[in-house]
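Following: one structure in structure tokens, then a few remarks.
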Amino acid sequence: MNPKNPCSSPHKRGEIFVHEDLTRIASKHWRSQFLGDGHQMLETWSQSLNFSKIGEKFGTPIYIFYPSQLEKNFSDYLQFVEQPRNIAYPVKANPSLAVLRQVLQLNGSVDCASKSEVNLAMFAGFVAERIIFNSPAADSHELVEMLKQGMTVVVDSAETLIEISELYSESIPENSKIFLRVNPSIPLEYANYQDWQSLTSNCSSLAKFGIPSEDLSKLLASINIPICGLHIHAVSQIDNTKSFINIINFIHNLVDDIHSHTHHLISYLDLGGGLGINFTDNDNYPSISDLSQVLSKFKRTDITYIVEPGQSLVGNSMGLLTKVTAIKQIRGKRWAIVDVGSDQLAKITYLKWYHQILAVNHEPLPLEGNGFCWWSSLLFRRHTATKYLTF
């Protein structure tokens with residue numbers, strides 16, 4: 001432990017340890033699996049963990065991190081992008097230092113949406129060339145400073161691009177790159193409808209992120225600073241590969257149009273993230289390997305591809321352990337009060353992305369309703385009381 005850094009902790013596989021950063025994490029090295037038919041299955045690595053001992057030793061609520069699952073997910077994305085540096089982990093997906101250092105150990109990059117995330121990434125050990133800065137709220141002067149440091153900057157609007165072009169009179173450093181975020185004009189569909197999907201799509205006429213694709217070539221014709229990449233993040237929790245195929249074909253056509261009408265050479269395509277993951281046994285999302293194999297069929301030799309997987313990279317490598325603090329009966333219904341609040345379960349509370357919940361004996365719990373408050377409570381259906389639960 002580095003006494004100058006209270007957030008540091010030795011990261012050794014095979015041990016359970018407490019990591020005092022944004023979350024407290026216990027980590028243990030176990031095996032996990034995927035189905036071989038191109039679809040995901042729920043994690044299995046937690047089956048060998050003793051939830052009671054972890055809770056008693058470290059307290060609850062506590063996040064349990066399984067780094068080799070993240071490594072497996074990372075490796076599956078490499079089937080498409082080939083080079084580790086072309087996998088840029090979005091820090092906002094889980095800003096734990098344990099996760100960031102695992103990505104760094106795998107020679108990956110990071111995607112940062114704020115200056116504080118940049119500082120955290122650098123604290124974890126990432127150099128400027130491995131940082132992609134992408135924020136719709138970025139200040140133009142701040143973006144110029146990041147370019148001078150050697151970072152890749154994603155510009156979200158025509159107005160910001162024009163400001164940067166006027167501010168940045170010097171030549172772009174060799175390691176710096178400017179990408180433009182594209183707001184695509186194509187509809188993307190989910191295979192299975194869910195209520196929350198209208199909140200996660202960035203491909204509608206009302207989508208607020210990026211520059212409209214139909215305006216891009218005309219805009220770039222008037223920009224003197226070199227633009228070498230396009231960025232697109234269309235939707236979240238995508239449940240099919242067809243949507244990704246539509247995205248890559250669309251962006252390829254846009255590259256050709258830019259090459260035909262401007263002097264800019266687009267040699268990088270950042271396809272963002274968006275692949276969904278299974279939260280329950282009823283979910284059926286493509287595996288990372290399946291997606292990589294599908295997209296590889298559409299690759300072009302003149303393009304370097306980048307992905308920014310957040311949930312699909314880290315989601316099934318992390319579990320949340322909580323403790324039942326009280327059981328109560330109200331009007332014939334039985335409630336379990338747990339010690340974790342919906343600030344940690346926001347997707348369940350607001351988007352109804354229901355997660356599998358395991359009892360201390362690793363059996364899935366039958367639940368009904370979503371009675372979460374800012375402390376937290378769960379409605380059980382005729383089930384034996386259990387002390388520890390994991391999400």
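For the stretch 252-274, does any single residue satisfy the condition of being under 24 Å from Tyr89 (Cβ atoms) and modelled with pLDDT under 90? Yes, the stretch 252-274 contains a residue that is under 24 Å from Tyr89 (Cβ atoms) and modelled with pLDDT under 90. Tell me which residues, restricted to the stretch 120-149, are surrounded by fewer than 21 Cβ atoms within 10 Å (Cβ to Cβ) and at pLDDT 95 or above. Within the stretch 120-149, Met122, Phe123, Gly125, Val127, Ala128, Glu129 qualify. The residue pairs whose first member lies in the stretch 65-76 and is surrounded by fewer than 21 Cβ atoms within 10 Å (Cβ to Cβ), whose second member is not in a helix (DSSP H, G or I), and whose beta carbons are closer than 6 Å, counting only pairs six or more residues apart or on different chains, are Ser68/His29. Of all the listed residues (Glu117, Glu159, Glu145, Glu82), the sole one being acidic (Asp, Glu) and in contact with a helix residue (DSSP H, G or I) (Cβ under 6 Å, 6 or more places away or on another chain) is Glu117.
Go through (1) at positive phi; (2) of a type in the set (S, T, N, Q); (3) crowded, with 19+ Cβ neighbours inside 10 Å for Ser96 and report which single condition fails. Ser96 satisfies every listed condition except (1).
A single member of Ile288, Ile327, Ile277 is more than 18 Å from the chain's Cα centre (by Cα) and either crowded, with 21+ Cβ neighbours inside 10 Å or aliphatic (A, V, I, L, M) (or both), and it is Ile327.
For every residue, the table says whether it meets (1) part of a strand (DSSP E or B); (2) of a type in the set (Ser, Thr, Tyr); (3) within 26 Å of Arg85 (Cβ to Cβ).
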residue	(1), (2), (3)
Leu269	yes, no, yes
Asn282	no, no, no
Leu291	no, no, yes
Val294	no, no, yes
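Considering only residues in the stretch 330-351 that are of a type in the set (Gly, Ala, Ser) and over 20 Å from the mean Cα position of the chain (by Cα), the one that is modelled with the lowest pLDDT turns out to be Gly341.
With the structure loaded, tell me whether Ala113 is closer than 15 Å to Glu308 by Cα and free of Cβ contacts under 8 Å to residues at least 24 places away in the same chain or whether it fails that test. Against the criterion (closer than 15 Å to Glu308 by Cα and free of Cβ contacts under 8 Å to residues at least 24 places away in the same chain), Ala113 qualifies. In the stretch 277-326, of all residues being touching a helix residue (DSSP H, G or I) at 6+ places or on another chain (Cβ under 9 Å) and at pLDDT below 85, the one that is farthest from Gly59 (Cα to Cα) corresponds to Asn278.
The values are calculated or read from the model by the stated rules, or taken from the named source; none is laboratory data. Predicted model only: the values in this text are computed from it and were never measured. Quick reminder, even Gly has a Cβ in these numbers, built from the backbone with ideal geometry, and neighbours come from all protein chains shown.
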